[in-house]
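First comes the structure, then the notes that go with it.
The values are calculated or read from the model by the stated rules, or taken from the named source; none is laboratory data. Bear in mind the structure is a predicted one, so any value in this text is a computation, not a measurement. Glycine also receives a Cβ, built like all others from the backbone with ideal geometry; neighbour counts cover every protein chain displayed. Note: areas computed on protein heavy atoms with side chains; ligands, DNA, RNA excluded. Shrake-Rupley method; radii C 1.70, N 1.55, O 1.52, S 1.80 Å.
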Amino acid sequence: MDLNVPKHIAIIMDGNGRWAQEKGKSRFYGHYAGAEVVEPITLKAKELGVSYLTLFAFSTENWKRPREEIDVLFKLFKEYLIRKEESILKNGIKMKFIGRKDRIPKDLLQYMEDIEQKTRKNSSIILTLAVDYGGLDDITRAFNKLLKEKNEVTQEDIKKALDTCFLPAVDLLIRTGNEKRISNFLLWDLAYAELFFCEKYWPDFTPEDLCMIVEDFSKRKRRFGAVQPVDMI
Ligand code: FPP
């Protein structure tokens, strides 16, 4: 049977802290272990034929964490971009970032812009990291942009004003870490996404898990409000 592969997968990479704490280690150790999972999952998604992979790295609510943990996460993101640049380029990955740009450290922002620029012509898979991203914040910023231009807006106008304007609707949302919620991720774009909640913590998530979830997705009947299944992909 041919696999019906989702065009756009979004992942909430949850459970780093619990994974580490259950091993008697600091939460930071869990974040470092979690970062190591990003590359194999991206490469497997690419191999499966997924066009867009969007990962929730830091939410607008994550500012409520202790300052030390926030600093570790931003340092980790920066180090990751430096360390993985060669592999990202070699694998033809196009990197994009969504989220607010006014609160994250300037040095990290510079690396984000550099890698977006260096990979802009790549197309094997579009890997988007959501950093200081919140669905409510994205929609609110979009409305404030639109208020300056229009009295009345269409769904298309709103989509074009979002950070996610270059992304198609999410087909499949995966959340690891055994929590069943959306946590203010891509609210507009998740309207008709299929949801998959995985018990494993993110550092334990494997390319085989991704394949198994895509197989499950492939068997689902998506109706988009219609009576008959609609083949939207
Ligand atoms: C959720 O685990 C994870 C985060 C808030 C940070 C996500 C970051 C990573 C997975 C590292 C990714 C790295 C790159 C380079 C993109 P949690 O801390 O909420 O875990 P918990 O629910 O067990 O406390």
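Quick notes on this structure:
- Value at 222 nm in deg cm²/dmol, rounded to 500, when DSSP H runs of n ≥ 4 in the chain each add -39,500 (n - 2.57): -13500 deg cm²/dmol
- Loop-located GluC sites (Glu not before Pro) in region 56-120, at most 11 other Cβ atoms within 10 Å (DSSP): none
- Comparing A226, F196, I213 along the charge dipole axis of region 192-233, the residue lying farthest to the positive side is A226, per the Cβ-charge model.
- Between K150 and K23, the C-beta separation translates, for a Förster distance of 41 Å, into a calculated FRET efficiency of about 0.20.
- Cα-centred dipole magnitude for the chain, charges only on beta-carbon of K, R (+1) and D, E (-1), debye, nearest 20: 280
- Fully extended contour minus Cα-Cα distance, from R141 to R120, at 0.36 nm per residue: 5.1 nm
- Region 184-233 pair-distance distribution - Cα-Cα, 5 Å bins, rounded %: 4, 15, 22, 21, 21, 11, 5, 1
- Extension gain for the segment L48 to L190, taken as residue separation times 0.36 nm less the Cα-Cα distance, is 49.0 nm to one decimal.
- Computed P(r) (all Cα pairs; region 1-99; 10 Å bins; percent): 13, 43, 32, 11, 1
- Distance (nanometres) between label positions extended 7 Å along Cα→Cβ at F197 and R83: 3.2
- Using alpha carbons only, the radius of gyration of region 77-209 set against its Kirkwood radius gives Rg/Rh = 0.98.
- Cα→Cβ-extended label distance, 7 Å offset, between K221 and D102, nm: 4.8
- A convex hull fitted around the alpha carbon atoms of region 145-230 yields 132 Å³ per residue.
- When the trypsin sites (Lys or Arg not before Pro) in region 115-167 are filtered for DSSP coil states and for at most 12 other beta-carbon atoms within 10 Å of their beta-carbon, the remaining sites are R120, K121, K148, K150.
- Across the alpha-carbon set of region 41-143, the Rg to Rh ratio works out to 0.97, Rh being the Kirkwood radius.
- Cross-link pairs K106/K180; K23/K96; K94/K160; K78/K180; K148/K180 - those with Cα-Cα distance over 27 Å: K106/K180; K23/K96; K78/K180; K148/K180
- Accessible area in square angstrom per residue, the chain, 1.4 angstrom probe: 52
- The spread of Cα positions in the chain, taken along each principal axis and listed from longest to shortest, comes to 51, 50, 34 Å.
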